[in-house]
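Contents: one structure, followed by commentary.
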Amino acid sequence: MIRIHKPKIAPKKLTTDGKQKCKSHCDAYSLNPSAYETNKEKFDFASSIYAHESVKELLIKAQHQKCCFCERIIGKNGDVEHFRPKGAYQQAQGEPLKYPAYYWLAYKWENLYLSCSSCNSRHKKNLFPLQDPSKRATNHNQRITKESPLFIDCGKENPEEFIGFRAEYAYAINGNPRGQITIDYLDLNSDDLIESRRQRLNILRELNKVLLSVTEHPQDQEIQRLANELKVILKEYLLDSAEFVAAARCAINAKFQESDLI
Ligand SMILES: [Zn+2]
């Protein structure tokens with residue numbers, strides 16, 4: 001995970017149709033709260049608004065076509081993910097679903113990201129654990145500012161301060177519980193992610209080795225020219241737009257030594 005910088009101004013679809021739809025959800029809840037709390041009534045969330053093309057386009061650009069959680073390249077195939085779930089929520093895995101969830105944030109720009117279907121539909125789903133669940137905002141009259149979410153919000157904080165990598169394996173820096181819960185609940189050490197990161201880091205490691213070896217030939221202009229080209233390629237692996245860049249940065253910072261610790 002890396003920090004995501006979304007444009008400050010929300011897409012118009014959210015501030016017009018989304019705002020109106022949000023009001024209709026809030027009005028419906030106020031008329032009959034218990035019906036929504038027992039899930040007898042359900043909100044008619046409009047994916048045509050929160051996942052509108054204009055919303056997706058801005059997210060794809062801001063996130064460099066990557067999943068906000070696992071950093072897989074997903075291009076246009078990502079789902080619009082609600083950081084605070086809209087329909088139902090769970091404090092922890094295995095607990096029963098609770099209703100309603102954060103229906104009033106269904107069209108809120110700050111609450112939307114793009115994620116891969118594995119992170120969104122298989123792992124995060126309705127999970128939204130809080131440090132103190134008694135502080136949870138359970139309807140639109142309550143404030144989310146009292147909440148301390150355990151998931152790292154990549155639009156507001158830097159995930160690289162919470163989650164590091166030893167070679168291809170994610171770990172919670174200094175054992176911080178928020179990093180650990182994010183890794184565990186989103187399965188950031190799944191077999192396929194580890195394998196994808198491993199392949200990526202292998203290329204980077206070899207590139208780095210070649211670069212180090214060319215310093216032995218400072219007089220050879222052709223070798224130096226090739227070395228400069230390699231440096232450009234290596235830099236691209238460390239840009240925000242690169243797949244699994246958080247792991248790549250950790251590997252470079254650790255001079256590829258940490259793989260010896262595993
Ligand atoms: Zn993902």
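FYI, it's all coordinate maths here, none of it is from the lab. Given the structure is predicted, the values throughout are model-derived calculations rather than measurements. Cβ placement follows ideal geometry from the backbone for every residue including glycine, while neighbour counts extend to all protein chains displayed.
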**Q.** Over 29 Å (Cα to Cα) - which of K56/K209; K19/K56; K124/K209; K8/K146 fall in this group
**A.** K56/K209; K124/K209
Q: Restrict the search to segment 92-176; then list the trypsin sites (Lys or Arg not before Pro) that DSSP places in a loop and that have at most 12 other Cβ atoms within 10 Å of their Cβ.
A: R143, K156
Q) Non-local amide H neighbours of K66 (under 5 Å, H modeled in plane, Pro and chain starts lacking H): which ones? A) I74
Q: Please work out whether segment 206-262 counts as rounded, prolate or oblate from its C-alpha gyration tensor, where a ≥ b ≥ c are the square roots of the eigenvalues and a/c under 1.5 means rounded, while otherwise a/b larger than b/c means prolate and anything else oblate?
A: oblate
Q) Anyone know which of F43, F165, F151 comes out most mobile in the 10 Å Cα GNM of the chain? A) F43
Q: Return the single residue from N158, N228, N39 with maximal mean-square fluctuation; model: Gaussian network over the chain, springs between Cα atoms under 10 Å.
A: N228
Q) For labels at N174 and I9 in the simple 7 Å Cα→Cβ model, what's the distance in nm? A) 3.9
Q.
For a test of the definition: using alpha carbon positions, the gyration tensor, and the 1.5 limit on a/c, classify the chain as rounded, prolate or oblate.
A. prolate
Q | Part-to-part distance (alpha-carbon centres) for segment 1-53 and segment 128-205, which is given in Å | A | 24
Q: Multiply the residue separation of A254 and V214 by 0.36 nm, subtract the distance between their alpha-carbon atoms, and state the gained length in nm to one decimal.
A: 12.3 nm
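Rounded if a/c is under 1.5, else prolate if a/b beats b/c, else oblate: with a ≥ b ≥ c from the C-alpha gyration tensor eigenvalues square-rooted, which is segment 12-151?
Here segment 12-151 falls in the oblate category.
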Q.
Please list 3J(HN,Hα) in residue order for segment 87-100, calculated via the Karplus relation 6.51 cos²θ - 1.76 cosθ + 1.60 where θ = phi - 60°; whole Hz, with x for glycine and proline.
A. x, 8, 9, 9, 6, 8, 4, x, 7, x, 5, 10, 10, x
Q) Does a label point 7 Å from the Cα of Q93, set along Cα-to-beta-carbon, have any residues of segment 138-175 with amide nitrogen under 17 Å, and which are they? A) 150-152, 170-172
